[in-house]
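Participant: Below: one structure in structure tokens.
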Amino acid sequence: MKRVLITGITGQDGSYLAKFLFNKGYEVYGTYRRLSTPNFWRLEYLGIFEKVNLISVELGDAGSIVEALKLSEPEEVYHLAAQSFVEASFESPVATGDITGLATTRILEAIRQLCPDARFYNAATSEMFGWTGVLKGGKPLNEDDVFRPMSPYAAAKLYGYWITRIYREGYGIFAVNGILFNHESPLRGLEFVTRKIANEVAKIKLGLSKELRLGNLDAKRDWGYAPEYVESMWLMLQQAKPEDYVIATGEAHSVREFAEKAFEIIGLDWEEYVKVDRRFMRPLDVPSLVGDYSKAERSLGWRPKVKFDELIEIMVGEEVKRWEGWLKGERFPWDAPNYPSENRILTRALRM
Ligand code: NAP
Ligand code: G4F
């Protein structure tokens, strides 16, 4: 059985990827961090909480990364853990540089020393292109376009992108960058704009909220469906040669269009409910991003299936179902925090 280590298994992509790899027959190990309230709701929601092995890792702590590699002895490593919220990177730029950027080197260096034959996936991002989207006049961006980051998050990710290439070219490690454009799902964090809109729209429909406060409505993003995107990560590590790939849908839509469509689904006019609030504006915001996934289609056989309208239907539908259940007394997965059973959590005692 192939062994895999996923950093950030409690996040949106980590939990979908864990399920995908478990179904492929992998023995799945994942890193989580100690929080005052446990955060395993996504793994529970997907029904794999008791099927994965969990190892406590703090990305700032190189020793914990070394321990995770020793315990899991992986053939494939998917590095997904990061401070992933662009807005928060303006509030904590130094911590974001450390956790989202430098930690990639901590992991690569531990791989180089402990398991240099392991294949490594790095979660790079379309956010690295930044201003290039404007310079190219809204044309889809590919692997050869230049990066002009516009946030501390994007700068940290760009560092991770280059250090991944340096370990590939300098040490011969099978290390790849997935340059993924925005991908969403009902498991997206609540502060990201798509889930924020879907959640608030559902509450407005059920009389639980009266308005939706948003920031920059003009920003355009290329939004895909997260469960499809995690498959591309696996495909990248199954190739004969390590290379970097753009993963996207090839379509850009504005935040305004997203809100308009979400309200249309519940039969309301978005303009009556959406208020622009400066608190959700950023010091700099990438105006427009759209990706060209033709290399991934050619080499990996990957192409997106769920596009803009269907994505919004899935997300709004799920939130309405969840809030209807809540009104009947059902509780959300995150309202009932759970710890993994002892046979699934690898503790420090086990490491001694
Ligand atoms: P996410 O839901 O925010 O998950 C991030 C994961 O990182 C969580 O498991 C989180 O743990 C963990 N983490 C954060 N800080 C940590 C720390 N200091 N030590 C250890 N673990 C830490 O992000 P996602 O949407 O799944 O994205 C996965 C990766 O892809 C990220 O690197 C993101 O930057 C990148 N990316 C995402 C997109 C997208 O559209 N989703 C696009 C391109 C690239 P907690 O659960 O405890 O918070
Ligand atoms: O949903 P967002 O916060 O995602 P953003 O900044 O594009 O970043 C996401 O995608 C990246 C890939 O390009 C990932 F690397 C990153 O980890 C993350 O997953 O914001 C999308 C757009 C922005 O232009 C933002 O200014 O929506 C705009 N926006 C408008 N009102 C808002 C809001 N964003 C948020 N979060 N909240 C608002 O109220």
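The values are calculated or read from the model by the stated rules, or taken from the named source; none is laboratory data. If you're wondering where the values come from, they're calculated on a predicted model, not measured in any experiment. As a convention, Cβ positions derive from the backbone with ideal geometry for all residues, glycine included, and neighbour counts pool all protein chains shown. Just so you know, the surface numbers come from the protein's heavy atoms only, side chains and all, with ligands and any DNA or RNA stripped out. Shrake-Rupley method; radii C 1.70, N 1.55, O 1.52, S 1.80 Å.
Participant: Look through the range 239-268, keep the residues that are open to solvent by 70 Å² or more (accessible area, probe 1.4 Å) and part of a loop (DSSP other than H, G, I, E, B), and return whichever of them is nearest to ligand 2 (Cβ to nearest atom).
Facilitator: 241
Participant: When the residues of the range 141-161 are narrowed to those that are farther than 12 Å from residue 102 by Cβ and aromatic (Phe, Trp, Tyr), which ends up surrounded by the most Cβ atoms within 10 Å (Cβ to Cβ)?
Facilitator: The selected residue is 153.
Participant: So residue 210 fits all but one of (1) within 25 Å of residue 290 (Cα to Cα); (2) open to solvent by 40 Å² or more (accessible area, probe 1.4 Å); what number is the exception?
Facilitator: (1)
Participant: While we're here: Kindly indicate whether residue 275 is more than 14 Å from ligand 1 (Cβ to nearest atom), open to solvent by 70 Å² or more (accessible area, probe 1.4 Å), in a strand (DSSP E or B) and touching a residue at least 24 places away in the same chain (Cβ under 8 Å).
Facilitator: For residue 275, the condition - more than 14 Å from ligand 1 (Cβ to nearest atom), open to solvent by 70 Å² or more (accessible area, probe 1.4 Å), in a strand (DSSP E or B) and touching a residue at least 24 places away in the same chain (Cβ under 8 Å) - is met.
Participant: Separate question: Do the conditions hold for residue 106, that is, is it open to solvent by 40 Å² or more (accessible area, probe 1.4 Å) and without any contact (Cβ under 8 Å) to a residue 40 or more places away in the chain?
Facilitator: For residue 106, the condition - open to solvent by 40 Å² or more (accessible area, probe 1.4 Å) and without any contact (Cβ under 8 Å) to a residue 40 or more places away in the chain - is not met.
Participant: Spot the failing condition for residue 77; the list is (1) touching a residue at least 40 places away in the same chain (Cβ under 8 Å); (2) assigned to a helix (DSSP H, G or I), and only one is missed.
Facilitator: Unmet for residue 77, out of (1) touching a residue at least 40 places away in the same chain (Cβ under 8 Å); (2) assigned to a helix (DSSP H, G or I): (2).
Participant: Of all residues in the range 184-230, which are near ligand 2 (Cβ under 10 Å from one of its atoms), basic (Lys, Arg) and assigned to a helix (DSSP H, G or I)?
Facilitator: Correct list: 195, 196.
Participant: Looking at residue 43 and the list (1) crowded, with 18+ Cβ neighbours inside 10 Å; (2) in contact (Cβ under 8 Å) with a residue 40 or more places away in the chain; (3) in a helix (DSSP H, G or I), which single condition is not satisfied?
Facilitator: Failed condition: (2).
Participant: Residue check: is residue 282 of a type in the set (D, E, K, R), open to solvent by 60 Å² or more (accessible area, probe 1.4 Å) and in a loop (DSSP other than H, G, I, E, B)?
Facilitator: Taking the combined requirement at face value, the residue satisfies it.
Participant: Could you look through the range 1-17, keep only residues that are out of contact with any helix residue (DSSP H, G or I) (no Cβ under 7 Å at 6 or more places or on another chain) and either more than 9 Å from ligand 1 (Cβ to nearest atom) or of a type in the set (A, V, I, L, M, F, W, C) (or both), and pick out the one that is farthest from residue 237 (Cα to Cα)?
Facilitator: 1
Participant: Within the range 183-197, is there a residue that is out of contact with any His (no Cβ under 7 Å at 6 or more places or on another chain), under 18 Å from residue 246 (Cβ atoms) and not acidic (Asp, Glu)?
Facilitator: Yes.
Participant: Might you let me know whether the range 153-168 holds any residue that is touching an Asp or Glu at 6+ places or on another chain (Cβ under 7 Å) and either among the small types (Gly, Ala, Ser) or in a loop (DSSP other than H, G, I, E, B) (or both)?
Facilitator: yes
Participant: Continuing with the same structure: For residues that are over 26 Å from residue 181 (Cβ atoms) and open to solvent by 40 Å² or more (accessible area, probe 1.4 Å), tally how many sit in the range 72-88.
Facilitator: 2
Participant: Identify all residues within the range 95-148 that are within 13 Å of ligand 1 (Cβ to nearest atom), assigned to a helix (DSSP H, G or I) and aliphatic (A, V, I, L, M); write none if there are none.
Facilitator: Of everything in the range 95-148, those that are within 13 Å of ligand 1 (Cβ to nearest atom), assigned to a helix (DSSP H, G or I) and aliphatic (A, V, I, L, M) turn out to be 95, 99, 102, 103, 107, 128.
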